Amino acid sequence: VGAAVFVYYRHVPLTVPERVVVDADSMKVFAVYIVDVMPPLLSGLLMAAIFAAAISTLDSLLAALSQSTISILYQPFLRPRASDRHYVRASRVIVLLWGVLLTAFAIYCDVIARSYADLIQFALAMAAYTYGGLLGVFLLAFLPTRRDDLGLLWGVPLSMLTVFALSWHQAVPQWIVVVASALLMVQAFRRLRQQPEKILYITLAVLLVLILSLAVVGTTPDGRPVHITLAWPWHFPIATAMTFCLGYLVGNRRSALS
C-alpha cells in the first residue's frame, strides 16, 4: 500500500493544503490519500475495515488482560473463595478498566513518540518494557533452573521499572519509580518475612532501579542534570537479566520430578 501511494504521488503531486499537512507529519500521507483521493464509498469501507481489524485484535487482548488480572491478582489476593458468577462479572469490569487505561496510554503515546526519531524506533522501544520480562520468564522455564514462579512476582515488575527508569528522568517518572519500588518492598516483607536472604536480593534490585532513575552523573553546559541513559536496544538484555536473576534467586527450589 505504501509503495502504491508513493507511485501515485510521483505522478499526481500533492495540492498546497495536502502538502502543508504532509510536511507537518509525513505519517499522515495515507490519511490524506484516503480523504482526498479515494471515492467516498470506498474510503468509508476502508475506514470500517481498519476499525474492524483493530477491534478484532483488541478484543482478544482485553480478554487476555482481564483473565490474567483475575487469575494472578484478583482471585488469589482479593476474593479467593468467590463464585464463578462473581469472577465473570468482575472480569467484565476489569475489561472496561483495561480499556480505559489502554486508551489513556494510547493518547499519551503521542507525547512520548516525540522523544524518538521515527515510529519504528518508538515501537521497538515500547516493546522493551514487556519483551525483556517475557524472555526472562522463558529462560527461567526453559533452562534447568528448577525454580518456581515466586521470584517472577518481583522480577517482571522490576524489569519493566528498570526500562522505565532508564528512559525517563523527569520529576513525575522519578516519583513513579519511587512509589512502585516502595510497594514492591512492602510486598516482599509481607510474603517473605521468614526468608531474609530473598528480601535482600529484592532490596538490591530495587536499589539498582532507584540509582538508575535518580543518580546524576554530570551536568549540561546550561546547568541541567545528566542522568544514566542507555540506547533502547540495551533495554532488552537488561530487562531480561533482571527478570531471570530475580526469578532464580527468589524462586523456591523444585524437585526434578516436579
Under a 10 Å cutoff between Cα atoms, tell me which one of 123, 215, 31 has the largest fluctuation in the Gaussian network model of the chain.
31
Report, to the nearest 10°, how far helix 2-11 tilts away from the longest principal axis of the Cα atoms in the chain, using its own Cα long axis and a range of 0 to 90°.
20 degrees
GNM top mover of 137, 12, 217 - the chain, alpha-carbon springs below 10 Å
12
Which option, [x] 36, 24, 14; [y] 24, 22, 17; [z] 41, 27, 17, is the value of semi-axes √(5λ) of the Cα gyration tensor in Å that was calculated from these coordinates?
[z]
Would you work out the charge dipole size for the chain about its Cα centre, treating the Cβ of every Lys and Arg as +1 and the Cβ of every Asp and Glu as -1, and quote it to the nearest 20 debye?
1180 debye
Answer rounded, prolate or oblate for segment 147-202, using the Cα gyration tensor with square roots of eigenvalues a ≥ b ≥ c: rounded when a/c is under 1.5, else prolate when a/b is larger than b/c, else oblate.
prolate
Once phi for every residue in segment 58-74 is put through the Karplus expression 6.51 cos²θ - 1.76 cosθ + 1.60 (θ = phi - 60°), the whole-Hz ³J(HN,Hα) values, with Gly and Pro written as x, are 6, 5, 5, 5, 5, 5, 5, 5, 5, 4, 5, 5, 5, 6, 9, 10, 5
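Under the rule of -39500 (n - 2.57) per DSSP H run of 4 or more residues, summed and divided by the residues of the chain, what mean residue ellipticity at 222 nm is obtained, to the nearest 500 deg cm²/dmol?
Working: 10 runs with 182 residues, N = 258.
Using -39500 (n - 2.57) per qualifying helix, the result is -24000 deg cm²/dmol.
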Under the rule of at least 5 residues apart or a separate chain, name every residue whose amide H is placed under 5 Å from the amide H of residue 227.
217
Hey, what angle do you get for helix 119-142 against the long axis of the chain, alpha-carbon based, 0 to 90 degrees rounded to 10?
30 degrees
Mean-square fluctuation check for the chain, GNM, Cα pairs under 10 Å: which of 24, 53, 180 is largest?
24
Projected onto the charge dipole of segment 122-258 (+1 at Lys/Arg Cβ, -1 at Asp/Glu Cβ, origin at the Cα centre), which of 238, 131, 194 gives the Cα projection farthest towards the positive end?
194
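Within the set of other residues whose C-beta is less than 14 Å from the C-beta of residue 76, count the net charge using Lys and Arg as +1 and Asp and Glu as -1.
On the way: positive: 79, 81, 190, 191; negative: 149.
The answer is +3.
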Angle between the chain longest axis and helix 84-112 axis [Cα atoms, degrees, rounded to 10]
60 degrees
Inter-part distance where segment 63-78 and segment 128-143 are each reduced to a Cα centre, Å:
20 Å
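Could you give the length gained on full extension between residue 71 and residue 183, defined as 0.36 nm per residue of separation minus the Cα-Cα distance, in nm?
On the way: separation 112, 0.36 × 112 = 40.32 nm, distance 2.03 nm.
Extra length from residue 71 to residue 183 when fully extended: 38.3 nm.
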Using +1 at the Cβ of each Lys and Arg and -1 at the Cβ of each Asp and Glu in segment 1-100, identify which of 88, 37, 13 lies farthest towards the dipole's positive end.
88
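Read-outs throughout are calculated quantities, based only on the coordinates presented, and are distinct from any laboratory measurement. Just so we're clear, the structure is a prediction, and the values are computed from it rather than from any experiment. Note that we place each Cβ from the backbone using ideal geometry, even for glycine, and neighbour counts take in every protein chain shown.
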